[in-house]
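Following: one structure in structure tokens, then a few remarks.
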Amino acid sequence: MANAPQTGGPTPRSDTASSLAHTIGRLATLLKSGAVSPGDRAALRRMQPGQSPPLTWYQFAVVAGLDSPDSEPDWMTIVAGMALMSPEAHAPGRPFGTALATTGYSELRLERLLASEGQTQRLLLLRAARFLAAHRTGANWVQPATLLLAREHHRREAVRNQVATDFFRHPKP
């Protein structure tokens with residue numbers, strides 16, 4: 001990532017949906033660009049909640065402008081999930097629930113993911129990302145990012161409701 005462009009100032013803590021969408025788009029672009037080597041992308045894919053991050057994480061976080069120490073575990077999960085699904089991880093037009101439904105993700109797994117919090121939610125989100133990656137299906141990463149980053153209960157509940165609604169709107173394969 002030595003030649004990666006600097007992105008400007010710090011990333012907001014998901015203050016608005018548009019700033020979060022912009023940040024997610026920027027992360028997706030970085031992950032699929034030549035700015036991240038295949039080895040660095042692999043290191044980002046291997047990140048797990050609760051484990052110490054590789055040195056590559058810190059370099060990526062600086063380049064991407066992810067400088068919210070209080071949200072670092074959440075951003076690490078988002079980046080790891082997107083790296084798992086790279087190069088086409090972020091599909092803004094495909095809601096997360098729709099992507100899960102059309103690939104045959106189980107209702108029980110979705111229920112566990114949406115009901116979870118903290119470390120468990122991070123782990124289950126990475127499992128969902130692996131599932132989507134195995135089916136070569138991208139998704140809108142703004143929704144899972146909001147689940148992790150939103151500190152307000154009503155925002156998390158609104159996203160949970162939207163993911164579930166999108167999931168049940170689409171027939172299972």
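The values are calculated or read from the model by the stated rules, or taken from the named source; none is laboratory data. Every value quoted in this text rests on a predicted model; they were computed, and no experiment measured them. As a convention, Cβ positions derive from the backbone with ideal geometry for all residues, glycine included, and neighbour counts pool all protein chains shown. Areas reflect the complete protein model, heavy atoms only, side chains present, ligands, DNA and RNA absent. Shrake-Rupley method; radii C 1.70, N 1.55, O 1.52, S 1.80 Å.
Going through A89, A129, A35, A17 one at a time, which residue ends up being modelled with pLDDT of 95 or more and either in contact with a helix residue (DSSP H, G or I) (Cβ under 9 Å, 6 or more places away or on another chain) or over 18 Å from D166 (Cβ atoms) (or both)?
Details: A89 fails: modelled with pLDDT of 95 or more; A35 fails: modelled with pLDDT of 95 or more; A17 fails: modelled with pLDDT of 95 or more.
Every option except A129 fails the conditions.
Tell me which of these E88 doesn't satisfy, since it passes every other one: (1) open to solvent by 20 Å² or more (accessible area, probe 1.4 Å); (2) part of a helix (DSSP H, G or I); (3) closer than 18 Å to P38 by Cβ.
Status for E88: all satisfied but (2).
Can you pull out every residue in the range 60-70 that is charged (D, E, K, R) and outside any loop (DSSP other than H, G, I, E, B)?
Result: D70, single match.
Looking at the range 18-53, which of its residues are farther than 20 Å from P87 by Cβ and either open to solvent by 10 Å² or more (accessible area, probe 1.4 Å) or in contact with a Cys (Cβ under 7 Å, 6 or more places away or on another chain) (or both)? Explain how you work it out, then say what you get.
Of the residues in the range 18-53, the ones farther than 20 Å from P87 by Cβ are 18-20, 48-53.
Residues satisfying the conditions are S18, S19, Q48, P49, G50, Q51, S52, P53.
Do you know which residues across the range 110-162 are polar (S, T, N, Q) and outside any helix (DSSP H, G or I)? Before you say what the answer is, go through the steps one by one.
Our first condition is that a residue be polar (S, T, N, Q); within the range 110-162, this holds for 116, 119-121, 137, 140, 143, 146, 161-162.
Matches in the range 110-162: S116, T137, N140.
Limited to the range 163-173, what total is found for residues that are part of a helix (DSSP H, G or I) and open to solvent by less than 80 Å² (accessible area, probe 1.4 Å)?
Step one: of the range 163-173, the residues part of a helix (DSSP H, G or I) are 163-169.
Add one more test, that the residue is open to solvent by less than 80 Å² (accessible area, probe 1.4 Å), and what stays is 163-167.
Qualifying residue count, the range 163-173: 5.
Which residue is farthest from the chain's Cα centre (by Cα), if the candidates are limited to the range 91-119 and must be open to solvent by less than 40 Å² (accessible area, probe 1.4 Å) and of a type in the set (G, A, S)?
Here the residue is G104.
If you check R122 against the conditions, is it open to solvent by 20 Å² or more (accessible area, probe 1.4 Å), among the charged types (D, E, K, R) and under 11 Å from the mean Cα position of the chain (by Cα)?
yes
Taking the conditions exactly as written (acidic (D, E) and open to solvent by less than 20 Å² (accessible area, probe 1.4 Å)), does D70 satisfy them or not? Let's see the steps before the verdict.
Working: acidic (D, E): yes; open to solvent by less than 20 Å² (accessible area, probe 1.4 Å): no.
It is false that D70 is acidic (D, E) and open to solvent by less than 20 Å² (accessible area, probe 1.4 Å).
Let's see how each residue does on (1) under 25 Å from H22 (Cα atoms); (2) assigned to a helix (DSSP H, G or I); (3) of a type outside the set (S, T, Y); (4) out of contact with any Leu (no Cβ under 9 Å at 6 or more places or on another chain):
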site: T56; (1), (2), (3), (4): yes, yes, no, no
site: E72; (1), (2), (3), (4): yes, yes, yes, no
site: T77; (1), (2), (3), (4): yes, yes, no, no
site: R94; (1), (2), (3), (4): yes, no, yes, yes
